[in-house]
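Since the structure comes first, as C-alpha cells, the remarks are kept for the end.
Read-outs throughout are calculated quantities, based only on the coordinates presented, and are distinct from any laboratory measurement. Just so it is clear, the model here is predicted, and its values are computed rather than measured. Reconstructed Cβ throughout: ideal geometry from the backbone, glycine too, with neighbour counts over all protein chains shown.
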C-alpha cells in the first residue's frame with residue numbers, strides 16, 4: 001500500500017489507484033467534469049486539479065496516482081483558483097442558452113418557457129402553477145406587465161415575439177378562483193409587512209408558502225397599493241384586483257387597512273413583536289418639476305389616485321412626462337371628457353420610457369404629443385393656466401444612457417390649459433426610522449434586503465419607482481432573506497451562471513437551435529381590444545383575455561431556447577460552486593453547429609466541451625464506434641462518420657446522452 005497525505009491527513013492507496021478515487025472514498029469532495037467511472041481515463045477538463053506540495057505541480061486527480069510519502073493539496077484557495085480558471089476556459093468556448101432569454105429578462109425569473117409549453121399543450125392549470133412559483137399576482141401582472149420577457153424573446157430574430165404575458169393572464173383568469181396552493185402548517189414564526197402593494201403582498205405570499213404567518217399593515221382604506229391607486233381602471237379593473245387579493249386572505253394572510261407607520265404603530269415596536277418586519281412602503285412622493293409656479297400643476301400619481309376610476313372633466317389638459325404614469329394620466333383625461341390632451345416630453349418618442357403599446361394606444365385615442373419640449377414656468381392668467389416651454393435638442397448620453405436634452409436658446413413659447421399634470425416620477429417618502437441613500441430610498445443589503453437587525457425592506461422604496469413585476473421580485477427576495485435568517489431555507493434568489501448565445505439583435509436564423517420541427521411561423525396573436533368609441537367614453541378594460549385555442553396556437557411559435565440539460569449540467573453546477581464567470585476569458589469561439597436530423601436526439605456541438613465521454617461510452621460500454629473526434633486543435637468537434645446523422649437505432653440506447661455532462665447530446669423533448 002502507498003501511504004500519502006491529502007490536505008494534511010494520511011491515507012493509503014493501492015498501486016494504480018488515483019488520488020480522486022481515494023479522496024472520494026474518504027469523503028473529500030473534488031469536482032469532476034470529464035471523469036466517468038464507466039470508461040477509461042480521459043483527462044481533458046482539469047477541473048479536478050490538485051497540487052503536489054513537494055514539486056509544486058498541479059495535476060488532474062482523476063488520472064494522477066499518489067507517490068509514496070506524497071503530499072497533495074485539494075482545498076486551498078490556490079487550488080480553487082486553478083479549478084476556476086479551468087472552468088472559465090471551458091466557459092469561454094461553450095455556446096448555448098443555459099436558460100431561455102425570456103426567463104433571464106423577467107425580473108421575477110418566472111419559468112417562462114415551461115408555462116408557455118404547458119399552455120401550448122392546453123394545460124393552463126399547470127401553466128398557472130408554474131407561474132405562481134414566482135409571480136403571486138398573475139391576474140394583475142398579466143394585464144400591466146411591460147413584458148420584459150418579450151423584448152428578449154428569440155422569436156424577434158425572425159418575427160414578432162411570442163405573446164408571453166397573455167399566457168399568464170389567460171391561465172390566471174381561468175383557474176385563479178379554483179386553484180389553491182399546497183400550504184404547509186404554520187411553524188410559529190410571524191412577520192409583519194408594512195404596505196399592501198405588490199412587494200408587500202409578494203413577500204407575505206412566499207413567507208406563507210414556507211409556513212410563516214404574516215400580517216400586512218396598510219395605511220390606505222383598501223389593499224393593493226399602486227395597483228389600486230396608481231393604475232387606471234381601464235388597464236386593471238379593481239374587481240380583478242379584489243378577486244386576486246381575496247386569494248391571499250384565503251391563504252391565511254392577514255391584512256389590516258387604515259394603519260399608518262409612525263401614526264398607528266412604530267417600526268421599533270413591530271420588530272420586537274414579530275420575528276421580522278418588511279417595509280414595502282412604495283414611492284408615493286411626487287418628484288419636483290423644478291420650475292417656477294409648479295404648485296399650479298397637479299401631481300401625476302396623486303391625480304390618478306383621485307381620478308383613475310372616474311372624476312371631473314379636466315378640460316384642456318397638458319401632461320408633462322414620458323413614462324407609463326404620464327400615459328395613464330393622458331388616457332384617463334381622455335376618458336374623463338377632456339376637450340384636448342397634450343403630452344409634453346423633453347426628449348424624442350424614441351427615448352420615452354413608456355411602453356410602446358401605451359404610446360400607440362394613447363395616439364389612437366386622440367392624445368397629441370409635443371416632443372423635445374420642457375416646461376420653464378407655470379402661471380395663472382385670466383382663469384387659465386399658462387405654461388412657458390422651451391424647445392430642446394439632444395446632446396450627449398447621460399447616466400441613463402439616453403441622450404441628454406439641451407435647451408435651444410430663444411425657443412421659448414407658451415401653451416394654455418385648464419389642467420396641467422406633472423407626471424415626471426415619484427420618490428420614497430421614508431420616515432426618520434429608516435436609513436436612506438442619496439436618492440431618499442431605503443438602504444438595504446441587496447444580498448438579503450436586510451436593513452438592520454430583523455428589519456427588511458423591498459420594492460419601490462428600495463429601488464426607486466419601478467414596475468409591478470419588479471416589486472413582486474423584490475418582495476420574494478426579501479422573504480427569502482427572512483427565511484434564511486430564520487433558518488427555514490437555504491435558497492438564494494438568483495441564478496449565478498448563464499451562458500447565452502447572445503442578444504437576438506446580433507443573431508440570424510442559423511444561430512437559433514430548433515428542437516421541434518413544427519414551430520409555427522404564423523403571425524403573432526392579435527390583442528382583442530374593445531371598440532375605440534368605448535375606450536373614449538368609459539373606463540371599461542381596454543383589452544380582453546384571449547381565448548385558449550388562440551393561445552395554444554400562439555404557443556407553437558415558441559422556439560424553446562433553454563438548454564435541455566439546464567437542471568443537471570455539471571459545467572453550470574461546478575462553475576456556480578467555484579465562482580467561475582462566463583465573461584472572465586473572452587476570445588473567438590470555435591465554429592460549430594447543431595444537428596437535429598435524428599428524430600429524437602439533438603447534437604448541439606456548440607455546447608460540447610470535448611471531454612470525450614460520449615466517444616468512449618459508445619466504444620467501451622455500448623461496443624459501437626459511432627462517434628469520434630474530427631479536425632484538430634481549436635476546431636476539434638465530435639461527430640458521426642462522414643457527416644452522417646446518428647443512426648435511428650440510437651433512440652433505444654441513449655447511453656451517450658445519459659453520460660454527457662453538459663447536454664451537448666440530449667433528447668429533443670424537454671421535460
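How much of the pair distance distribution for the range 2-75 lies past 20 Å, counting alpha-carbon pairs only, in percent?
Details: 533 of 2701 pairs.
For the range 2-75, the fraction of Cα-Cα distances above 20 Å is 20 percent.
For residue 636, put the label point 7 Å out on the Cα→Cβ axis and report which residues of the range 34-62 keep their amide N under 11 Å from it.
43-45
Would you mind ranking 320, 615 by Cβ crowding within 10 Å, fewest neighbours first?
615, 320
Return a whole-number percent for the relative contact order of the chain, with Cα pairs under 8 Å and 6 or more residues apart as the contact set.
About 17 percent, as a whole number.
How much length is gained on full extension from residue 266 to residue 503, taking 0.36 nm per residue of separation minus their Cα-Cα distance?
This chain segment gains 80.6 nm when fully extended.
Translational diffusion coefficient, Stokes-Einstein: compute it for the chain using the Kirkwood radius over C-alpha pairs as Rh, at 25 °C and 0.890 mPa s, and state it as an integer in µm² s⁻¹.
Details: Rh = 28.4 Å.
Once the numbers are plugged in, D ends up at 86 µm²/s.
For the chain, what is the calculated [θ] at 222 nm in deg cm²/dmol (nearest 500), taking -39500 (n - 2.57) for each run of four or more DSSP H residues and dividing by its residue count? Provide the component values of the computation, followed by the final result.
Values: 22 runs with 188 residues, N = 671.
Estimated from H runs of four or more residues: -7500 deg cm²/dmol.
At q = 0.17, 0.21, 0.31, 0.33 Å⁻¹, what log₁₀ I(q)/I(0) does a Debye calculation on the Cα points of the range 284-327 give, no solvent, two decimals?
Once normalised to I(0) and log-transformed, intensities are -0.52, -0.81, -1.45, -1.47.
Given labels modelled 7 Å from the Cα in the Cβ direction, how far is it in nm from residue 538 to residue 181?
Those two pseudo-labels are separated by 3.5 nm.
Just to verify a number: FRET efficiency for residue 522 and residue 1, C-beta to C-beta distance, R0 = 51 Å, to 0.05? Please list the in-between numbers first.
Numbers: r = 69 Å, r/R0 = 1.36.
Efficiency for this residue pair is about 0.15.
Give me the Kirkwood hydrodynamic radius of the range 288-426 in Å, from all C-alpha pairs, to one decimal place? Intermediate results must be reported in sequence, preceding the final value.
Details: mean 1/r = 0.0665 Å⁻¹.
The answer is 15.0 Å.
Which FRET efficiency, nearest 0.05, do residue 413 and residue 529 yield, Cβ-Cβ r, R0 35 Å?
Once rounded, the FRET efficiency stands at 0.50.
Assuming R0 = 25 Å, can you tell me the calculated FRET efficiency for the pair residue 433 and residue 190, based on Cβ-Cβ distance, to the nearest 0.05?
It comes out at approximately 0.75.
When the expected Rg is taken as 2.2 N^0.38 Å, what fraction or multiple of it is the alpha-carbon Rg of the range 88-134?
Compared with the compact-globule rule of thumb, the range 88-134 sits at 1.45.
Which residues in the range 397-426 place their backbone N less than 12 Å from a point set 7 Å from the Cα of residue 376 along the Cα-to-Cβ direction?
From the range 397-426, the list is 407-415.
Distance in nm between label sites at residue 9 and residue 256, each 7 Å beyond Cα in the beta-carbon direction?
Result: 5.3 nm between the two label points.
May I ask you to order 36-43, 502-509, 219-226 by the average number of other C-beta atoms within 10 Å around their residues, highest value first?
Values: 36-43: 15.4, 502-509: 11.5, 219-226: 20.1.
Ranked from most to least packed, the peptides come out as 219-226, 36-43, 502-509.
Under the 0.36 nm per residue contour assumption, what length would be gained going from the current alpha-carbon distance of residue 550 and residue 492 to full extension?
Residue separation times 0.36 nm, minus the Cα-Cα distance, leaves 17.2 nm.
Angle check, please: helix 77-93 long axis (alpha carbons) against the longest principal axis of the chain (alpha carbons), in degrees 0 to 90, nearest 10.
Rounded to the nearest ten degrees, it is 80.
Sticking to Cα atoms, compute the Rg of the range 588-667 to one decimal and its Dmax as the biggest Cα-Cα distance, whole number, in Å.
Using the Cα atoms of the range 588-667, the pair Rg, Dmax is 11.7, 37 Å.
Most exposed first by the Cβ proxy, i.e. fewest other Cβ within 10 Å, how do 648, 144, 662 rank?
Ranking 648, 144, 662 by Cβ neighbours within 10 Å, fewest first, gives 648, 144, 662.
What order do you get for 419-429, 16-26 when each peptide is scored by the mean count of other beta carbon atoms within 10 Å, highest first?
419-429, 16-26
Determine, for each peptide in 458-466, 209-217, the mean count of other beta carbons within 10 angstrom over its residues, then list the peptides with the highest first.
458-466, 209-217
Could you line up 456, 248, 369 from fewest to most neighbouring Cβ atoms inside 10 Å?
Least to most surrounded, the residues fall as 369, 248, 456.
Computed over the Cα atoms of the range 17-57, what is the ratio Rg over Rh, Rh following Kirkwood?
0.96
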